[in-house]
Every structure is written in structure tokens, then in C-alpha cells.
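The values are calculated or read from the model by the stated rules, or taken from the named source; none is laboratory data. Predicted model only: the values in this text are computed from it and were never measured. All Cβ positions, even for glycine, are placed from backbone atoms using ideal geometry, and neighbour counts span all protein chains on display.
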């Protein structure tokens with residue numbers, strides 16, 4: 001009879017190997033913001049734009065490209081500033 005712990009150890013090694021492959025592949029496919037472009041939270045974006053959070057939520061899909069981080073929406077500070085300067089340029 002074979003050692004059950006050896007079998008478990010072998011399967012765990014296989015799982016770790018597969019998991020490392022998945023993590024490497026997902027980290028390569030994550031879109032990254034430009035280095036000079038930082039991301040701001042929904043609340044910070046509303047403050048920068050001088051609008052209520054309710055209004056921002058209503059218009060953000062039409063005006064800005066937001067990124068999701070879990071349940072949070074993140075906005076490019078550079079995009080927000082471009083929006084503010086759109087009439088001055």
C-alpha cells in the first residue's frame with residue numbers, strides 16, 4: 001500500500017504549479033494605468049469635478065472610463081482634469 005501522505009504531497013505540488021501559472025497569466029493581462037497617471041476614488045473624483053456623488057454616478061458611464069477594483073470605481077485623475085479643461089482649450 002502506498003503512503004497516503006506522499007500522494008497528498010504530490011497533488012499539492014501539482015496544485016501549486018497550476019496556481020502559479022494562473023497567477024502569472026492574470027498578472028500579465030491586467031491593464032495598467034500610465035505611470036504618470038494616478039487613479040482616484042469615486043469620492044475624490046466627485047470632489048475634483050465639483051459635483052455630487054449622485055450626479056457623478058449618473059453621468060460617469062457617458063463621460064469617463066472608470067476601472068473597477070472589486071466593488072470600487074477608480075477614475076484617472078488625468079481624464080478628470082482633461083474634462084475640466086475641455087472648454088478652456
Scanning the stretch 59-71 for residues that are assigned to a strand (DSSP E or B) and loosely packed, with under 12 Cβ neighbours inside 10 Å gives 68, 69
Sole miss for residue 52 among (1) surrounded by 10 or more Cβ atoms within 10 Å (Cβ to Cβ); (2) at pLDDT below 85 is condition (2)
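This table checks each residue for (1) assigned to a loop (DSSP other than H, G, I, E, B); (2) surrounded by fewer than 14 Cβ atoms within 10 Å (Cβ to Cβ); (3) modelled with pLDDT of 90 or more.
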{"residue": "37", "(1), (2), (3)": "yes, yes, no"}
{"residue": "48", "(1), (2), (3)": "no, no, no"}
{"residue": "57", "(1), (2), (3)": "no, yes, no"}
{"residue": "75", "(1), (2), (3)": "no, no, yes"}
{"residue": "82", "(1), (2), (3)": "no, yes, no"}
